[in-house]
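Trainee: Sending over a structure as structure tokens; questions will come in a sec.
Quick note: the coordinates plus some simple rules give every number you see, no bench work behind them. Predicted model only: the values in this text are computed from it and were never measured. Please note: Cβ atoms are built from the backbone with ideal geometry, for glycine as well, and neighbour counts cover all protein chains shown.
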Amino acid sequence: MRQRMGWRMATGVVALAWLLGLLGAPMADAQGTVKVGFVSPLTGVYAAPGADMRDGFLLYWSQAGNKAGGRTVEVIVEDKGSNKPEDALTKARKLVDRDGVHILAGVISTPVAVALAKYATDQKVPLIVANAGADAITQKARSPYVFRSSFANSDSSHPLGEWAYKQGYRKMVLMASDYGAGYEQTGGFARTFTEAGGKIIKEVYSPLGTADFAPFISQIDRSADVVAVFYAGADALRFVKAYEEYGLKGKIPLIGKGFLTDDLILQKLGDAAIDVVTALHWSRALDNPENKKFSQAYEERYKRPATVYAEQGYVAAQMTAMALETVKGNVENKEAFLAALSKVEVDAPRGKVKLDAFHNPIHPIYILKVEKKGGVLQNTPIASYPNTGQFWKWTPEAYMAMPDYGAMKGKWVK
Amino acid sequence: MTFWITQLLNGVSFGMLLFLLAAGLSLIYGLMRILNLAHGSYYLLGAYVGLTVVRYTESFVYAAVAGTAVVTVLGILMERFFLRRFPKQALPQALLTFGFLFIIADLALWIWGGNPQTLPKPQVFAASIWVGNIVFPSYRLFVIAVGIIVGLGLWWLQEGTRLGAMIRAGVDDEEMARGTGVNVSLLSTAVFGLGAFLAALGGIMGGPFVGVYPGADFEILLLAFVVVIIGGLGSLKGAFFGGLLVGLLDNFGKALFPELALFTIFAPMAIILAVRPTGLFGRL
Amino acid sequence: MKTRILAIALAAAILLIVPTVLSAYQLSLLVKMLIFAIFAMSLDLILGFAGLPSLGHAAYFGAAAYTVSLLALRVVNNFWIDFPAGLLMAVGVSALFGLLALRTHESYFLMITLALAQVLWGIAFGWRSLTGGDDGLPGVPRPNLGLPWSLADRIPFYYFVLIFFALALVLLWIIAHSPFGRVLVGIRENEVRMKVLGYNVWLYKYVAFILAGLFAGLAGNLFAYYNGFVSPSYLSVLFSASGLLMVILGGAGTLFGPALGAGVIVYLENVISVYTERWLMILGVIYVLVTLFAPRGLVGLLRERFGSRLA
């Protein structure tokens, strides 16, 4: 028994060492290739947005012939698997250490963004976040190495609050998934709505992944003028349908963040979504040449509709390419490359995008209304706010001095 | 008043869905002592297959038939060719069913993609019903009806038929049952198939309002576990009343104490554990 | 006896010199394997030896990780306070959960341990001001032991973890093969008989449960340092299930088996996904195949193949 244990141990360790060896020593750099490591969830709950974000990113490179700044660009995609941020960290280590990537990109969810931001900063590798919207990443917890091509959770919420007030709404019910992004996304419109003079009369938070929205919908105060929400993915699908089922559609207007009716689920929402108004930095129905080109190319190549995640992935690639062009491919000169990245201005499918001093996009925000055109549902832009940044009308210092939206949860009702 | 009635109906309809999900798990465990970790996967597959069939035929009924048929066959195959080899061995069964969970989950992702989906409701139940101030989706009433019918059907099966008697015998004492000529192995396969059928039916019924998406398998499995803990393993009554109880407590809990929304499912479970660890009706 | 010492020496030697030949990424994976090996071995104590199928083992792992992180970030960054506090928390939680769970058996035990861990997960997720909610707590520093080598560097950290791994392995081995451990096996085999023989079965199970929690907490502490952050996923069902899989895959009741299982699963998860998107399915197929052909786990398989030759 004891002998066997010793032998087993030895065999095991030898096997382990061999297997580890198989993982490969750091790869020698193929002459002159710029390597980009893309971390995205391709399995699990975020599989769909993760795949979109990746495909948008890859679409750009395939259109650009995998070149930028005079060098070939190679993208290595890593699936970060199900909801464990530490797996993303492991993948990032693989990309940086073994594959020698010069740039990291991707990231759907906030915990992953937070973990990778720290890692990227420690390793001195630029990271372009193509989705995770946690405000802090480009505010209090910002880093010279971390950039975003997507959005800050509250940035498109601010205009919506003002817009809601202008429509004549005065009493608002706030609803969101009960987690960080939920508070930030709704906090944005709560703040601007109340600043304009409106009142929040109720806040309702449901756990992420609520199977049955009935008990939450029943908590909506029927004297409200408007219900303003943040839901995404499966929650959005269930919520919008339940809103109609329980008779609120048509009685109390429903508005929210664009993820509520994003093309990921829009067609499945069916008529329940008609007349819902949302705010987002992109819609498939945007009528500009860049967007038309992008959407068509995406749909042709991937046989499914473009979504906001795909657009963000695409913009991340645009930014990378432009920065590479500026430094003439010399990505190894980190200072120059970082400077180039912070100064990019791209013609994105959403409109003109540039980065603010905190590396978050300044981009147009659209107010969108769901309508049926030609039998197909779409998010039609009905208003736009160009050049909107994450701080809205405040200065960065004033904005960051205010309590953050996570702390404001539950405190909007006076 | 409106509030209470709506919540009551909600709770009951959700409870009926939970019953469908827990009944299969409980029955399978009762007879074969197998804790099927792939139970949630049956829900997933049933719903997805139903989704595809509805796309092509526009018929909810065909979807229900197809979804349950496919999953029942899968369940029978799993039992016959895999689980049967490890009678009463919990660990290999756990690893095996876990393996299937991963396989089915990935297969589903591959075939149907990662987008969250819902099953379209049958046309006749698409609208909501208005009675005075109360609005309620008629579909949910349908779910309640189906739940009650299935419950009664299973009860009749268990108490009123020979098959049911054989199952009860097998649950109580397998060796004796075998001794009296009951073909326990055939029975096991049949019961496993039935369990799979119920889970898939749950997938079809739940499809329109809970939806189907990657990760649903795990979530459903967890819910089924909670109901079975409360109701008691191996008991049909337990699955039914456990489901009802959880559905009601969850609904009222979330509506009245939104702060504790995360715990409304687990609170009743914790109480049962403290008071009566084998569940309300569990005998095993 | 000689072969045994030789074998152990060989294994130890490999583990000691391996940092010089491995790259940073490979080394970091090995560290992850060692940490999970500790986790799996701790679970083996109750699962493999005492026969208690816990599907909530991540609770003690995560509780320790959060404690260490919270203290280091918000109270005092002192290894000699934070680390033991983490262990203490793990022991406390397992003592509490043990009281609740050990009232049940087998499948109920499995479901209850699962549910209890979920409660803890819910708290971590929901109590945002304390735990950072789903964002978790980033920026956990590596401990400062006042040594000339900083644990922020990968090689010293590797040895740091290796020492704990060796410690855990030795201690668990001693416990498992002590009279106490033999009683646990007896309980697993036939609880009624042990009761009749006069053993306080409940107490043995309870102590084993707490010990398992302690070592799980050790792994949790290390994992928090390793990643530099902690998130609710450390308390999740997925984590507990991974642990269960590692034990079963490796071979329950052998201690070394689960350690091997941990290594294999970490390896598979990270390598297969590089080559194909369908890695989940492949993992599933592997589990099914292992169950069919090696129902006693990989160690059981090795035993069958090489056992007779080494008898």
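Trainee: Using 1/(1 + (r/R0)^6) with R0 = 35 angstrom and r between the beta carbons of A:Lys411 and A:Gln267, what's the FRET efficiency to the nearest 0.05?
Mentor: Values: r = 37 Å, r/R0 = 1.07.
Calculated transfer efficiency: 0.40.
Trainee: So what J values fall out for segment C:157-169 if you push phi through Karplus, 6.51 cos²θ - 1.76 cosθ + 1.60 with θ = phi - 60°, rounded to Hz, Gly and Pro as x?
Mentor: Going residue by residue, I get 5, 4, 5, 4, 5, 4, 4, 5, 4, 4, 4, 4, 4 Hz, with x marking Gly and Pro.
Trainee: Per DSSP helix of 4 or more residues, -39500 (n - 2.57); summed, then divided by the residues of chain B. What does that give at 222 nm, rounded to the nearest 500?
Mentor: Numbers: 11 runs with 205 residues, N = 284.
About -24500 deg cm²/dmol.
Trainee: If you don't mind, there's one more thing I want to ask. Using the Karplus curve 6.51 cos²θ - 1.76 cosθ + 1.60 with θ = phi - 60°, what ³J(HN,Hα) values do you get for each residue of segment A:370-376, in whole Hz, with x for Gly and Pro?
Mentor: Ordered by residue, 3J(HN,Hα) equals 7, 9, 9, 10, x, x, 10 Hz.
Trainee: For the residue pair A:Asn333 and A:Ala357, what label-to-label distance in nm results when each label sits 7 Å from Cα along the Cα-to-beta-carbon direction?
Mentor: Here the modelled spin labels are 2.6 nm apart.
Trainee: May I pose another question? What FRET efficiency comes out for the pair C:Val196/C:Leu145, r = Cβ-Cβ distance, R0 = 41 Å, nearest 0.05? Could the numbers behind the result be given before it?
Mentor: Details: r = 50 Å, r/R0 = 1.23.
For C:Val196 and C:Leu145, the calculated efficiency is 0.25.
Trainee: Tell me the label-point distance for the pair C:Leu88, C:Leu268, using the 7 Å Cα-to-Cβ offset, in nm and rounded to one decimal.
Mentor: A separation of 4.0 nm, rounded to one decimal place.
Trainee: Could you pull out the pairs from A:Lys94/A:Lys124; A:Lys293/A:Lys334; A:Lys94/A:Lys118; A:Lys292/A:Lys373 whose alpha carbons sit more than 25 Å apart here?
Mentor: Working: A:Lys94/A:Lys124 15 Å; A:Lys293/A:Lys334 32 Å; A:Lys94/A:Lys118 16 Å; A:Lys292/A:Lys373 17 Å.
Check vs 25 Å cut-off fails for A:Lys293/A:Lys334.
Trainee: Which of rounded, prolate or oblate describes segment B:2-275 when judged by the alpha-carbon gyration tensor and an a/c cut-off of 1.5? Display every interim value, and only then the final one.
Mentor: Details: a/c = 1.61, a/b = 1.33, b/c = 1.21.
Prolate, because a/c is 1.5 or more and a/b exceeds b/c.
Trainee: For the cross-link pairs A:Lys257/A:Lys303; A:Lys202/A:Lys393; A:Lys303/A:Lys352; A:Lys199/A:Lys393, which exceed 22 Å when the distance is taken from alpha carbon to alpha carbon? Show your work: numbers first, answer last.
Mentor: Details: A:Lys257/A:Lys303 26 Å; A:Lys202/A:Lys393 26 Å; A:Lys303/A:Lys352 27 Å; A:Lys199/A:Lys393 20 Å.
Those over the limit are A:Lys257/A:Lys303; A:Lys202/A:Lys393; A:Lys303/A:Lys352.
Trainee: To continue, here is another question. In deg cm²/dmol, rounded to 500, what helix-only [θ] at 222 nm does chain A give when every DSSP H run of at least 4 residues adds -39500 (n - 2.57) and the total is split over its residues?
Mentor: Values: 14 runs with 161 residues, N = 414.
That calculation yields -12000 deg cm²/dmol at 222 nm.
Trainee: Of A:Lys166/A:Lys268; A:Lys171/A:Lys249; A:Lys171/B:Lys121, which sit over 25 Å apart, Cα to Cα? Show your work: numbers first, answer last.
Mentor: Values: A:Lys166/A:Lys268 31 Å; A:Lys171/A:Lys249 17 Å; A:Lys171/B:Lys121 34 Å.
Those over the limit are A:Lys166/A:Lys268; A:Lys171/B:Lys121.
Trainee: Next question. Could you tell me whether chain C comes out rounded, prolate or oblate from its Cα gyration tensor? Rule is a ≥ b ≥ c as square roots of the eigenvalues, rounded for a/c under 1.5, then prolate if a/b exceeds b/c, otherwise oblate. All intermediate terms of the calculation are to be shown ahead of the outcome.
Mentor: Details: a/c = 1.41, a/b = 1.11, b/c = 1.27.
Rounded, because the longest to shortest axis ratio a/c is under 1.5.
Trainee: If you average over every viewing direction, what projected area does the convex hull of the Cα atoms of chain A give, in nm²?
Mentor: Details: hull surface 93.8 nm².
It is 23.5 nm².
Trainee: Can you give the mean number of other chain Cβ atoms that lie within 10 Å of the Cβ atoms in peptide C:269-282? It would help to have the intermediate numbers written out before the result.
Mentor: On the way: counts 4, 8, 6, 0, 9, 10, 0, 1, 9, 6, 6, 16, 10, 3.
The mean count of partner-chain Cβ atoms within 10 Å per residue comes to 6.
Trainee: Still on this structure: Quick one: C:Arg154, A:Arg148, C:Arg305, fewest Cβ neighbours within 10 Å first, how do they rank? Spell out each step's value before the answer.
Mentor: Numbers: C:Arg154 17, A:Arg148 30, C:Arg305 9.
With the sparsest Cβ surroundings first, the list reads C:Arg305, C:Arg154, A:Arg148.
Trainee: For n ≥ 4 DSSP H runs only, could you compute -39500 (n - 2.57) per run for chain C, divide by its residues and tell me the 222 nm figure to the nearest 500?
Mentor: Numbers: 14 runs with 228 residues, N = 311.
After summing the helix terms and dividing by residue count, I get -24500 deg cm²/dmol.
Trainee: Related question: Work out the FRET efficiency for C:Leu203 and B:Ile5 from their Cβ-Cβ distance, taking R0 = 60 Å, and round it to the nearest 0.05. Please report the intermediate quantities before stating the final value.
Mentor: Details: r = 52 Å, r/R0 = 0.86.
About 0.70, to the nearest 0.05.
Trainee: Using DSSP to define loop residues, name the GluC sites (Glu not before Pro) in segment A:130-195 whose beta-carbon has at most 13 other beta-carbon atoms within 10 Å. It would help to have the intermediate numbers written out before the result.
Mentor: Numbers: sites: A:Glu162, A:Glu184, A:Glu195; in loops: none.
Loop-located and lightly packed - none at all.
Trainee: Report, ordered by chain and residue number, the lysines lying within cross-link reach of B:Lys237, taken as a straight Cα distance under 19 Å and ignoring same-chain residues fewer than 8 apart.
Mentor: Leaving aside lysines fewer than 8 places away in the same chain, none come within reach of B:Lys237.
Trainee: Would you mind computing, in nm to one decimal, how far apart the modelled labels at A:Ala401 and B:Ala69 are, each placed 7 Å from Cα along Cα→Cβ?
Mentor: 7.1
Trainee: What ranking of A:Lys80, A:Lys118 emerges when the number of other C-beta atoms within 10 Å of each C-beta is taken as an exposure proxy, fewest first? Intermediate results must be reported in sequence, preceding the final value.
Mentor: Values: A:Lys80 29, A:Lys118 22.
Fewest-to-most ranking of A:Lys80, A:Lys118: A:Lys118, A:Lys80.
Trainee: With the radius of gyration and the Kirkwood radius both derived from the Cα set of segment B:143-230, what is their ratio Rg to Rh? Spell out each step's value before the answer.
Mentor: Details: Rg = 15.7 Å, Rh = 14.9 Å.
My calculation puts Rg/Rh at 1.05.
Trainee: Give the cross-link partners of A:Lys369 among the aspartates and glutamates, using a straight C-alpha distance below 14 Å as the criterion and excluding same-chain residues fewer than 8 apart.
Mentor: A:Asp262, A:Asp263, A:Asp271, A:Asp275
Trainee: Residue by residue through segment A:398-412, which ³J(HN,Hα) values in whole Hz follow from phi under the Karplus form 6.51 cos²θ - 1.76 cosθ + 1.60 (θ = phi - 60°), with glycine and proline marked x?
Mentor: These are the phi-based 3J(HN,Hα) values: 4, 4, 6, 7, 6, x, 6, 5, x, 6, 7, 3, x, 10, 6 Hz.
Trainee: Classify the protein assembly as shown as rounded, prolate or oblate, taking a ≥ b ≥ c as the square roots of the eigenvalues of its Cα gyration tensor: rounded when a/c is under 1.5, otherwise prolate if a/b is larger than b/c and oblate if not. Present the calculation step by step, with values, prior to reporting the outcome.
Mentor: Numbers: a/c = 1.72, a/b = 1.13, b/c = 1.52.
Here the protein assembly as shown falls in the oblate category.
Trainee: Sort A:Tyr302, A:Tyr179 by Cβ crowding within 10 Å, fewest neighbours at the top.
Mentor: Values: A:Tyr302 16, A:Tyr179 21.
Ordered by Cβ neighbours within 10 Å, fewest first: A:Tyr302, A:Tyr179.
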